[in-house]
Amino acid sequence: MVNIIIPTYKARETLPQALDSLVAQTKKLFIVTIVQDADGEDYEDIIEEYTRRGLKIRLLTMPVNGGPGNARQYGMDNDLMCDYFAFMDADDMLMPRAVEILYGEAKRNDADIVLTDFYAER
């Protein structure tokens, strides 16, 4: 299983688009860990909506703001024993086969790390 960690800071506007891209994934063996970086926002309605749409989401809250790197580490430190981690920002989107392809490559090559190119759209 893959743990997709998304650090959030004031991300109510962008998080739904990131989660939409996860709903569209062809490989569903992943959980989403949203790490709220002490921003005071309420994400419960978003989490409820995307849980209804089939995502397995858990919310962790950082005790103090530490930035996205610390939020990613906090997510890893509080992992549920997944095989792999993937990282997204709250304003990122994944193509529909991203998890399937990256997980397949990692398993096929017994890899510790798998990297990919990305496209930026402005």
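The values are calculated or read from the model by the stated rules, or taken from the named source; none is laboratory data. Since the structure is predicted, the reported quantities are computational estimates derived from the model, not experimental observations. Reconstructed Cβ throughout: ideal geometry from the backbone, glycine too, with neighbour counts over all protein chains shown. Ligands, DNA and RNA are excluded from the accessible area calculation, which covers all protein heavy atoms including side chains. Shrake-Rupley method; radii C 1.70, N 1.55, O 1.52, S 1.80 Å.
Please sort by residue number the chymotrypsin sites (Phe, Trp or Tyr not before Pro) in region 18-122 whose DSSP state is loop and whose Cβ has at most 16 other Cβ atoms within 10 Å. Intermediate results must be reported in sequence, preceding the final value.
Numbers: sites: F30, Y43, Y50, Y74, Y84, F85, F87, Y103, F118, Y119; in loops: Y43, F118, Y119.
Filter output for region 18-122: F118, Y119.
Taking θ = phi - 60°, what integer Hz values does the Karplus form 6.51 cos²θ - 1.76 cosθ + 1.60 yield along region 52-57, in sequence order, with x for Gly and Pro?
Working through the residues one at a time gives 4, 7, x, 7, 9, 10 Hz.
Once you sort the root eigenvalues of the Cα gyration tensor of region 23-72 as a ≥ b ≥ c, which label holds: rounded (a/c under 1.5), prolate (a/b larger than b/c) or oblate (the other case)? List each step's numbers first, then the result.
Working: a/c = 3.29, a/b = 1.68, b/c = 1.95.
It is oblate, given that a/c is not under 1.5 and a/b is not larger than b/c.
D89: accessible area at probe 1.4 Å, nearest 10 Å²?
So the heavy atoms of D89 present about 60 Å² to solvent.
Which three lengths, in whole Å and largest first, does the chain cover when its Cα atoms are put on their principal axes?
That gives 41, 30, 26 Å along the principal axes, largest extent first.
Rounded to the nearest whole Å², what accessible area per residue is found for the chain with the 1.4 Å probe? Show your work: numbers first, answer last.
Numbers: 7670 Å² over 122 residues.
For the chain, the solvent-accessible area averages 63 Å² per residue.
Probe radius 1.4 Å, ligands and nucleic acids ignored: give me the carbon and sulfur share of the accessible area of region 32-122 as a rounded percent.
On the way: 3250 of 6370 Å².
Taking all protein chains in place, region 32-122 shows 51 percent carbon and sulfur surface.
Of V114, V64, which has the most accessible area and how do the rest follow, probe 1.4 Å? The partial results should precede the final answer.
On the way: V114 55, V64 100 Å².
The ordering from most to least exposed comes out as V64, V114.
In region 36-122, with Lys and Arg counted as +1 and Asp and Glu as -1 at Cβ, which of these residues, L80, L102, N65, has the Cα nearest the positive end of the dipole, that is, farthest along it?
It is L102, whose Cα lies furthest towards the positive end.
Treating cross-link reach as a plain straight distance, find the aspartates and glutamates whose alpha-carbon is under 14 Å from the alpha-carbon of K27, omitting any fewer than eight places away in the same chain.
Answer for K27, where 14 Å is the Cα cut-off: E100, E105, listed by chain and number.
At 7 Å along the Cα-to-beta-carbon direction for both E48 and T61, put a label point, then send me their distance in nm to one decimal.
It is 1.6 nm.
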